[in-house]
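Asks: Quick one: the structure is below, and I'll ask about it shortly.
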Amino acid sequence: MDLDRIPQHIAIIMDGNGRWAKLRGKERSYGHQVGAETVHIIVEEAVRLGVKYLTLYTFSMENWSRPSEEVTALMGLLINSLEEELFLKNNISFRVIGDIGKLPAEVQECLNSCIKNTAHNDGMYLVLALSYSSRWEITEAAKQLIRKVQSGHLSFDEIDSNSLGSCLTTHFMPNPDLLIRTGGEIRLSNYLLWQCAYSELYFCDTYWPDFKKDAFHKAIEDYQGRERRFGKTSEQVN
């Protein structure tokens, strides 16, 4: 691994907790618990490697349709997993993207407290996508643009990819350089669709609870072996 070519922004779809637990004869909630431990491992390794932004797909808008007991367990696990010591000792700034208003009040309070208490940290940004849907996000951004045009703060001709991007919940960070999905599925599942237009995609069969440092390194090494052209030729970028 070339430590001078670490992706600035890594996004991860943490898939496979439930299937991992089922293979072991356990409840899905057990898989989520072990998956939360993996989050801590990967977060600290990302900090060590010099990643600037780590965005984790934690709970999608579609996940609200899961059995109520699983959703309740996930919400409780989320509160218990937000250890501010992890953020403080690693100089991590905590952020959240998604339709946060749909989350239980106690979860919102916990999230807002963590965001406030880590706001002064200037190391890595850890961003959780919670109650998140990329189609929802783009729709909300379009509504913002319409309101700006109607109020006279923006003209119709000024609408472009930059103005729309500034209205997305991810406006404070660059687009992902690398998107990793664990668990064997090969799709984006309504995650950062706009932002990942030119991201390098990495899919692996490893279930999230087993995705430890070596697997993380392998994904980054695969990324470093690719040529990122952004529509140009090899000669233009080299």
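The values are calculated or read from the model by the stated rules, or taken from the named source; none is laboratory data. Nothing here was measured: the structure is a model prediction, and the numbers come from that model. As a convention, Cβ positions derive from the backbone with ideal geometry for all residues, glycine included, and neighbour counts pool all protein chains shown.
Asks: Before we move on, is ASP214 charged (D, E, K, R) and touching a strand residue (DSSP E or B) at 6+ places or on another chain (Cβ under 6 Å)?
Replies: no
Asks: Among the residues of the range 206-220, is any crowded, with 16+ Cβ neighbours inside 10 Å, among the small types (Gly, Ala, Ser) and under 14 Å from the mean Cα position of the chain (by Cα)?
Replies: no
Asks: Follow-up. Among the residues of the range 141-171, how many are surrounded by fewer than 16 Cβ atoms within 10 Å (Cβ to Cβ) and within 17 Å of ILE100 (Cα to Cα)?
Replies: Residues flagged as surrounded by fewer than 16 Cβ atoms within 10 Å (Cβ to Cβ) and within 17 Å of ILE100 (Cα to Cα) within the range 141-171 amount to 1.
Asks: A further question on this structure: Could you go through the range 14-27 and let me know if any residue there is at pLDDT 90 or above, surrounded by 15 or more Cβ atoms within 10 Å (Cβ to Cβ), in contact with a strand residue (DSSP E or B) (Cβ under 7 Å, 6 or more places away or on another chain) and closer than 27 Å to LEU201 by Cα.
Replies: Checked against the condition, which is being at pLDDT 90 or above, surrounded by 15 or more Cβ atoms within 10 Å (Cβ to Cβ), in contact with a strand residue (DSSP E or B) (Cβ under 7 Å, 6 or more places away or on another chain) and closer than 27 Å to LEU201 by Cα, the range 14-27 yields at least one hit.
Asks: Restricting to the range 38-68, and then to whatever is among the acidic types (Asp, Glu) and touching a residue at least 60 places away in the same chain (Cβ under 8 Å), can you tell me which residue is farthest from SER134 (Cα to Cα)?
Replies: GLU45
Asks: Tell me which residues, restricted to the range 46-103, are among the polar types (S, T, N, Q), over 17 Å from the mean Cα position of the chain (by Cα) and assigned to a helix (DSSP H, G or I).
Replies: Within the range 46-103, SER65, SER68, THR72, ASN80 qualify.
Asks: Given the structure, is ALA215 free of Cβ contacts under 8 Å to residues at least 60 places away in the same chain, assigned to a helix (DSSP H, G or I), of a type in the set (A, V, I, L, M, F, W, C) and within 23 Å of MET1 (Cα to Cα)?
Replies: Answer is yes for this residue.
Asks: With the requirement that a residue be within 12 Å of VAL51 (Cβ to Cβ) and in a strand (DSSP E or B), what does the range 1-16 give you?
Replies: HIS9, ILE10, ALA11, ILE12
Asks: In the range 218-234, what count of residues is obtained for those that are outside any loop (DSSP other than H, G, I, E, B) and at pLDDT below 95?
Replies: 1
Asks: A follow-up question, please. Can you tell me which condition ILE146 does not meet? The list is (1) of a type outside the set (S, T, N, Q); (2) without any contact (Cβ under 8 Å) to a residue 40 or more places away in the chain; (3) in contact with a helix residue (DSSP H, G or I) (Cβ under 9 Å, 6 or more places away or on another chain); (4) over 22 Å from HIS40 (Cβ atoms), and all the others hold.
Replies: Result: ILE146 fails condition (3) only.
Asks: Can you confirm whether GLY31 is at positive phi and either over 13 Å from the mean Cα position of the chain (by Cα) or surrounded by fewer than 20 Cβ atoms within 10 Å (Cβ to Cβ) (or both)?
Replies: No.
Asks: Turning to a different aspect of this structure: Among the aliphatic types (A, V, I, L, M) and surrounded by 18 or more Cβ atoms within 10 Å (Cβ to Cβ): which single residue out of MET61, MET75 fits that description?
Replies: On inspection, the qualifying residue turns out to be MET61.
Asks: A follow-up question, please. Among the numbered conditions (1) modelled with pLDDT under 95; (2) assigned to a loop (DSSP other than H, G, I, E, B), tell me where GLY35 comes up short.
Replies: (2)
Asks: Which numbered condition in (1) touching a helix residue (DSSP H, G or I) at 6+ places or on another chain (Cβ under 9 Å); (2) of a type outside the set (A, V, I, L, M, F, W, C); (3) farther than 17 Å from PHE59 by Cα; (4) part of a helix (DSSP H, G or I) is the only one that ASN121 fails?
Replies: Looking at each condition in turn, ASN121 falls short on (4).
Asks: Another question, if that's okay. Can you name the number of the only condition in (1) closer than 27 Å to LYS89 by Cβ; (2) in a loop (DSSP other than H, G, I, E, B); (3) of a type in the set (Ser, Thr, Tyr) that SER113 fails?
Replies: SER113 satisfies all of (1) closer than 27 Å to LYS89 by Cβ; (2) in a loop (DSSP other than H, G, I, E, B); (3) of a type in the set (Ser, Thr, Tyr) except (2).
Asks: Scanning the range 104-140 for residues that are exposed (fewer than 13 other Cβ atoms within 10 Å of the Cβ) and small (Gly, Ala, Ser), which turns out farthest from the chain's Cα centre (by Cα)?
Replies: Step by step, filter the range 104-140, then rank; the result is ALA105.
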